[in-house]
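S.K.: Got a structure for you, written out below as structure tokens; questions coming shortly.
The values are calculated or read from the model by the stated rules, or taken from the named source; none is laboratory data. Owing to the predicted nature of the structure, the values given are computational and were not obtained by experimental measurement. As a convention, Cβ positions derive from the backbone with ideal geometry for all residues, glycine included, and neighbour counts pool all protein chains shown. Accessible surface is based on the protein model in full, side chains and every heavy atom, while ligands, DNA and RNA are left aside. Shrake-Rupley method; radii C 1.70, N 1.55, O 1.52, S 1.80 Å.
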Amino acid sequence: MTKRFTHLHVHTEYSLLDGASKIPELVAYAKELGMDSLAITDHGAMYGAVEFYQECTKAGIKPIIGCEVYLAKGSHLGKNNRGMYHLILLAENDTGYHNLMKIVSIGQLEGFYYKPRVDKDVLRTYHEGVICLSACVAGEVPQMILQDNLEGARRCIQEYIDIFGKENYFLEIQDHDLDEEHKVSAELKQLAQEFGLGLVATNDLHYVQQNDAAAQDILLCIQTTSTVDEPDRMRFNNDSYYLKSYDEMEALFGDCSEALSNTNKIADRCNVKMEFGHLLLPEFPVPEGFDAVSYLRHLCEEALPKRYEVVDEKVRKRLDFEL
Ligand SMILES: [Zn+2]
Ligand SMILES: [Zn+2]
């Protein structure tokens, strides 16, 4: 078996005050490790997508455009419940990319309450072309498992299958040495069998190199307005949230090789093409015999006597200049 692995859960510096990976360094290091595909899944936003796409393309790495969205408990329009889940969405094709932009925009414009949030109705409407992973321990299914609510977990899984389709929904397993993750992974392996779903191994990547952990910790302090010395502040449990090599991922998930190889299968399925170099402006219909430029001049000429009592040389010059 070739040593191939694709990171599908990746936070860059565009996960503001949470991710410390600068895109050029991230892509360069993935390249150095021999990876041929890489995803971007920032928290609730896609600000980094274009830079990431261009940087990956330059390096000969396939960019997989995604997002780790926040899912409201209940409607994303309700603004009284701070609780929310995480969910990874990846664009499988151009339709999926456009749907992802729609989902993320709805989160920012309609669902913002502490974080940009969407709900399952939004996912139902814009699911086409989107591959979904069940996310970290903050995902809905993992949360059900952690509450020992296996029936709830099953109900959720069925709901996600109904939304995305069996081929487009994967159960995500992570290992940053958290007890919660071990418990969740054990159950997810069972549930994957039960539902005939694919497992996928990810590292919740927040920085490129292991020794970047301290810098990311400071970002987190800025975000949560706490100081590094505060004992009970929010912090990551260790420094394992970096861009791990194939061997490192294999060491963690070797007993579940399907979860490793599925990352590549998903990467192979994801094909989004961004086009640059031309303007994407709406067509404005103009009457026969005009183009946009001549019609604008026509309208201005027509309106000129209405605006000025005397249309003299000075006014004409001004119009030419403005046009
Ligand atoms: Zn997460
Ligand atoms: Zn994450």
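S.K.: Within the stretch 222-244, can you find the residues that are in contact (Cβ under 8 Å) with a residue 40 or more places away in the chain and open to solvent by 70 Å² or more (accessible area, probe 1.4 Å)?
M.R.: Within the stretch 222-244, Ile222, Asn237 meet the criteria.
S.K.: Here's a follow-up. Test of understanding: among Ser37, Ser21, Ser15, which residue is within 16 Å of ligand 1 (Cβ to nearest atom) and over 25 Å from Gln143 (Cβ atoms)?
M.R.: Selected residue: Ser21, the only one of Ser37, Ser21, Ser15 that is within 16 Å of ligand 1 (Cβ to nearest atom) and over 25 Å from Gln143 (Cβ atoms).
Residues are listed down the side, and each one gets a yes or a no for (1) open to solvent by 60 Å² or more (accessible area, probe 1.4 Å); (2) more than 16 Å from ligand 2 (Cβ to nearest atom):
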| residue | (1), (2) |
| --- | --- |
| Thr12 | no, no |
| Asp36 | yes, yes |
| Glu68 | no, no |
| Gly83 | no, yes |
| Ile103 | no, yes |
| Tyr114 | yes, yes |
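S.K.: Looking at Glu151, is it assigned by TED's automatic domain parsing to the domain that holds Leu260, touching a Ser or Thr at 6+ places or on another chain (Cβ under 8 Å) and away from ligand 2 (no atom under 16 Å from the Cβ)?
M.R.: It is false that Glu151 is assigned by TED's automatic domain parsing to the domain that holds Leu260, touching a Ser or Thr at 6+ places or on another chain (Cβ under 8 Å) and away from ligand 2 (no atom under 16 Å from the Cβ).
S.K.: A further question on this structure: Just to be sure, is Gly111 away from ligand 1 (no atom under 16 Å from the Cβ), assigned to a loop (DSSP other than H, G, I, E, B) and not hydrophobic (A, V, I, L, M, F, W, C)?
M.R.: Yes, satisfied.
S.K.: Across the stretch 270-287, which residue is nearest to the chain's Cα centre (by Cα) among those that are modelled with pLDDT under 95 and charged (D, E, K, R)?
M.R.: Glu275
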